[in-house]
1. Restricting attention to strands (runs of 3 or more DSSP E) lying wholly within the stretch B:44-132, give those where 1 or more residues are away from every other protein chain (no Cβ under 14 Å).
2. Give the stretch C:24-56 a look and list any residue that's surrounded by fewer than 24 Cβ atoms within 10 Å (Cβ to Cβ) and assigned to a loop (DSSP other than H, G, I, E, B), or say none.
3. Would you mind finding the one in C:326, C:374 that is within 20 Å of the chain's Cα centre (by Cα) and either polar (S, T, N, Q) or buried (at least 19 other Cβ atoms within 10 Å of the Cβ) (or both)?
4. Say whether the condition of being β-branched (Val, Ile, Thr), crowded, with 20+ Cβ neighbours inside 10 Å, in contact with a strand residue (DSSP E or B) (Cβ under 9 Å, 6 or more places away or on another chain) and touching a residue at least 60 places away in the same chain (Cβ under 8 Å) is met by at least one residue in the stretch B:3-17.
5. Quick one: residue C:317 ticks every box in (1) of a type in the set (Gly, Ala, Ser); (2) farther than 25 Å from residue C:297 by Cβ; (3) not in a loop (DSSP other than H, G, I, E, B) bar one, so which box is it?
6. Taking the condition of being surrounded by fewer than 16 Cβ atoms within 10 Å (Cβ to Cβ), more than 9 Å from chain C (Cβ to nearest Cβ) and either over 15 Å from residue C:290 (Cβ atoms) or in contact with a Gly (Cβ under 9 Å, 6 or more places away or on another chain) (or both), how many residues in the stretch A:27-60 meet it?
7. Among the listed residues C:303, C:295, which satisfies the condition of being more than 27 Å from residue C:109 (Cβ to Cβ) and at pLDDT below 95?
8. In this structure, is residue C:268 within 11 Å of chain A (Cβ to nearest Cβ) and among the acidic types (Asp, Glu)?
Amino acid sequence: MLWVECPNCGSRPFEEYRYGNVFPVTPDTITDADARNVDYAWMQDNIAGVTLERWFHESGCRRWFTAKRDTTSDEFLPLDD
Amino acid sequence: MPACEPPRFEGLVGWRIIADPSALDAAPWPAGSHVVRISPDDAFVIGAAEPGVPGDEHAIVTPELGFAGAAVSAEQVADIALHHIEWQMPTGPCVAQGQIAGVPSKLVLHADGSALLLVACAARHELEDRLG
Amino acid sequence: MNEFVETLLDLPWQVGDPKPAYDVVIIGAGGHGLATAYYLATRHGITNVCVLDSNFIGSGNSGRNTTIIRSNYGIPESVAFYQHSLEMYQRLEDETGCWIMHSQKGQIWLAHSVSTARTEQTRALMNQAMGAKTDYIGPKEIKDLCPQIDLSGGGRYPVHGASYHHEGATARHDRVVWAYAQGALRAGVHVHQHTPVTGLLMDGDRVTGVQTSKGNISAGTVISAVGGNVTTVANWAGVRLPIRTHALQAFVTNAHAQEFAPIVSSNDLVFYVSQTPRGQMLIGAEYDRFASYRQATSFAYLQACSKKSITMFPFLSKLRIMRSWTGICDVSTDFSPIMGDTGVPGFMISTGWGTWGFKAIPAGGEQLAQLVATGSAPLIEPFGLDRFAKEAAMADPSSAGTR
């Protein structure tokens with residue numbers, strides 16, 4: 001069972017959540033404005049490893065929060081802020 | 001078969017307040033009111049005339065008729081936790097939110113172990129069926 | 001040992017190291033990689049080809065799917081492409097001489113509401129216009145085709161109707177991979193298993209070969225036929241992809257003695273059921289909603305999927321789940337595949353196969369081979385990576401498991 005830690009409600013099974021994808025990051029190497037828009041709209045970093053992403057606790061407090069997860073193990077990691 | 005009586009829900013009339021978290025922390029709730037903190041910036045207040053939030057002039061205060069509630073005894077809470085909750089139940093007083101029998105619900109836990117079980121009105125009968 | 005396995009043992013498997021140079025190097029020896037090599041060699045005489053895989057052939061998503069072949073997609077370009085692939089599958093046993101256990105079953109796509117009934121009617125009309133055999137049928141015809149169905153859907157999901165895709169079929173996944181491997185090897189293609197590619201060789205902007213665990217290999221053209229890990233390969237060449245990797249789970253039950261003839265999917269409940277040649281019921285649904293590279297199965301999925309399928313097919317509740325598996329799918333942001341040039345000279349790609357890659361193996365391989373050999377493949381032209389910049393994304397709401 002995969003558990004996700006909601007900062008408001010605590011640890012809950014992942015089915016209680018909606019996945020909101022990673023923060024989109026368009027590389028600085030893309031400079032053309034149109035190309036940046038295309039990248040923002042469609043392209044994905046699709047990182048195999050640790051990502052910062054948004055989750056929504058749909059069955060609980062109904063709030064979005066940021067989580068750190070390793071996509072190769074689905075392990076959630078503590079946020080260091 | 002459940003060891004206890006299933007909860008009996010009734011529609012609740014209250015206020016929903018979206019406001020700055022620190023203003024909600026400091027708000028002078030009317031005497032006799034019951035405050036369910038859904039998230040840092042979101043509260044459901046029962047048993048009061050329209051509450052004010054002096055610390056946040058942009059606070060949204062609106063009538064909330066969307067929840068049904070049932071008073072459940074400590075024994076019923078223990079029974080629900082055993083049979084219908086996958087997650088770790090905290091000890092009260094606090095608000096525990098998550099799926100109960102697969103239905104998004106909230107348990108407002110009191111210090112003595114009893115609680116107020118809240119569910120969206122639209123899911124009330126589903127939860128009743130599943131707990132019954 | 002059976003005759004089939006003995007045939008495989010006789011194949012000219014490559015031992016030792018790959019040659020230092022090939023005309024074409026294909027990364028990934030799954031269905032798409034091997035089919036591309038097969039068609040390069042057999043249709044275009046390009047035999048100086050090497051297919052590399054970090055594991056054994058067909059060990060990725062080619063071995064982790066639900067083996068459904070269909071062409072009832074939702075946009076004209078897709079219907080044309082998948083219909084071509086479906087017809088190639090029908091001829092594949094004759095062409096390769098390999099028994100891939102191809103079995104035409106027909107696919108029923110259920111609608112439980114007026115709005116999805118409209119979706120299925122639209123699908124049928126669109127399919128007919130593009131040459132795929134799909135009709136809209138009513139509950140009585142559905143019951144005739146599939147007596148096991150509960151038309152009331154447990155009282156909650158009554159069946160309004162369905163689109164019926166006459167040529168929907170299944171084939172044995174590893175036999176398809178082996179058929180292409182065998183054909184490619186016999187035509188002179190090199191297949192090196194257990195040879196991970198660790199990087200690309202670049203000369204300026206151009207890809208000139210691959211780095212592998214067995215040394216560098218230079219190549220006129222490098223093709224990525226990698227599944228869930230495609231982003232890693234594309235990053236080496238500096239290519240940005242509209243791909244997110246998601247896990248797709250499926251499972252089989254123990255054998256069910258009765259025949260279950262068609263493939264049945266549900267538009268509202270999102271699951272699909274078919275019966276394997278061994279009688280097991282094969283059940284799948286949506287890919288996991290969150291991105292993941294972990295090939296893990298989850299109890300929550302098995303539970304949700306069982307519940308949905310039992311709603312329509314009560315007899316399934318008497319069966320047990322025997323085996324489940326998970327593939328990590330390269331899901332494109334418009335739910336259509338991406339084939340062809342990447343904008344980087346010497347580097348081509350076949351990706352975005354999400355949950356619809358198995359059915360596309362013959363046409364995907366054939367068309368990509370044609371593009372490499374002749375520079376033109378009209379059938380897959382709409383599926384280029386450049387479509388996003390051209391504001392010509394191929395958003396397909398009818399890809400399985402996507403909606």
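1. On the way: elements: B:60-64, B:67-72, B:94-100, B:103-109, B:115-120.
Strands (runs of 3 or more DSSP E) meeting the threshold: B:60-64, B:67-72, B:115-120.
2. Selection gives C:45, C:46, C:47, C:48, C:54, C:55, C:56.
3. Checking each option against the conditions leaves just C:326.
4. no
5. (2)
6. Of the residues in that region, 8 qualify.
7. The unique qualifying residue is C:295.
8. Details: within 11 Å of chain A (Cβ to nearest Cβ): no; among the acidic types (Asp, Glu): yes.
No, not satisfied.
The values are calculated or read from the model by the stated rules, or taken from the named source; none is laboratory data. If you're wondering where the values come from, they're calculated on a predicted model, not measured in any experiment. Don't worry about glycine lacking a Cβ; one is built from the backbone with ideal geometry, like all the others, and counts go over all protein chains shown.
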